[in-house]
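Chemist: My structure is below; once you've seen it, I'll send some questions.
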Amino acid sequence: MRKTLIISYFIIIPFVLFAQNKTFIREYFYKASETDSKVSSRQKALTEVKALLLEELGTYVESYVNYEVTEENNRITKDFFTNEIKTLSAGTTETKIIEENWDGYEYYVKAEIVADPEEVLRRINQTLSKRRSSEVIDSLNILLKSSNNELEYKNEELNLVKRQLATQQSEVNSKQTKLNSLNQQLLKAKQQLASYQAQEQQILTDLQKIEYLISKSTIDAKANVRIGMTPKEVIKVCGQPRAIDDTPQRVYGRHPHYNYGNVWVLFEAGIVAIVLDASVYEGHDAGYYRRYYPNDIIK
């Protein structure tokens with residue numbers, strides 16, 4: 001006698017559409033045993049708080065679901081369905097740790113799950129649909145095994161598909177050639193991108209070096225230059241200036257001004273007169289800045 005496999009499937013239908021995400025927050029205190037460390041206590045506390053959150057999420061999702069699950073001569077229990085929701089919900093949500101603390105004896109953790117119940121239901125439906133498809137394939141295999149005629153029919157269908165694929169091989173080869181060409185272009189593009197990235201990194205490295213030299217030169221000048229020093233003494237304690245403004249040489253008794261990063265050292269009669277913030281420097285003598293920019297004089 002030919003046997004027939006009958007399977008009825010289930011689907012989850014939400015009563016309402018949700019307008020926004022739902023946040024679930026739970027906390028848990030784990031009392032460490034003698035063999036527990038901070039790491040093991042934290043892991044156990046996280047496991048427990050995740051279980052509590054999934055319990056609450058599963059209960060909340062279940063409250064918005066109308067479901068019916070049956071099999072031949074048997075009915076799936078409500079507990080079975082509830083466990084399925086919890087299991088599937090665990091794969092569609094992420095647990096976020098809000099707060100945690102360890103005092104050496106007890107590990108406290110507070111966590112939350114932010115979930116869109118409608119999205120949870122949609123993913124559960126997808127998973128259940130895949131499971132249903134798997135069950136259909138299983139049932140078909142059972143029927144095929146029980147009938148040699150059906151097996152031969154499927155083999156003929158398979159051979160037909162093979163013949164159709166053979167006639168399309170030329171098109172497949174053409175597409176493969178195009179694909180290979182695109183892969184080569186992609187490889188070249190990646191190599192070019194890597195080259196650009198290396199150049200960018202070199203530019204950044206050079207920029208960092210320049211910024212470091214400017215900063216060091218500024219710090220040395222502010223720390224070491226003293227009013228009354230000669231140009232040679234300034235160079236001795238600060239090194240060669242980054243720039244020299246020769247304009248002041250046109251004025252009798254003046255020495256070129258020295259730049260050290262973000263400051264200028266101005267001379268009068270061959271000695272340091274002031275140390276000035278470079279942002280206001282315009283090439284004038286020290287007297288000009290004493291009069292118009294007194295707040296920008298560093299020394």
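Chemist: Which of the residues spanning region 107-122 are more than 22 Å from the chain's Cα centre (by Cα) and among the charged types (D, E, K, R)? Talk me through it step by step, then tell me what you get.
Modeler: From region 107-122, those more than 22 Å from the chain's Cα centre (by Cα) are 107-110, 117-122; that's our starting set.
Answer for region 107-122, where residues must be more than 22 Å from the chain's Cα centre (by Cα) and among the charged types (D, E, K, R): Lys110, Glu118, Glu119, Arg122.
Chemist: At pLDDT below 70, within 20 Å of Gln126 (Cα to Cα) and out of contact with any strand residue (DSSP E or B) (no Cβ under 7 Å at 6 or more places or on another chain): is that true of Tyr9 in this structure?
Modeler: Numbers: at pLDDT below 70: yes; within 20 Å of Gln126 (Cα to Cα): yes; out of contact with any strand residue (DSSP E or B) (no Cβ under 7 Å at 6 or more places or on another chain): yes.
Yes, satisfied.
Chemist: I'm told Ser41 meets every condition in (1) of a type in the set (Ser, Thr, Tyr); (2) outside any helix (DSSP H, G or I); (3) modelled with pLDDT of 90 or more except one. Can you identify the failing condition by its number?
Modeler: All conditions pass for Ser41, except number (2).
Chemist: Which one is nearest to Cys238 (Cα to Cα), of the residues in region 253-277 that are surrounded by fewer than 16 Cβ atoms within 10 Å (Cβ to Cβ) and among the hydrophobic types (A, V, I, L, M, F, W, C)?
Modeler: Taking the candidates together, the pick is Ile271.
Chemist: Determine, yes or no, whether Ser139 is modelled with pLDDT under 70 and farther than 30 Å from Leu46 by Cβ. Full working, then the answer.
Modeler: Numbers: modelled with pLDDT under 70: yes; farther than 30 Å from Leu46 by Cβ: yes.
So Ser139 passes the test.
Chemist: Something else: Please name all residue pairs, on different chains or six or more residues apart, with Cβ atoms under 6 Å, provided the first residue is in region 219-244 and is more than 14 Å from Glu268 (Cβ to Cβ) and in the same structural domain as Ile274 (by TED's automatic domain parsing) and the second residue is surrounded by 13 or more Cβ atoms within 10 Å (Cβ to Cβ) and among the small types (Gly, Ala, Ser).
Modeler: Final answer for the pair search is Cys238/Ala221; Arg242/Ser217.
The values are calculated or read from the model by the stated rules, or taken from the named source; none is laboratory data. Values in this document were obtained by computation on a predicted structure and should not be read as measured data. Here Cβ is always computed from backbone atoms with ideal geometry, including for glycine, and neighbour counts include all displayed protein chains.
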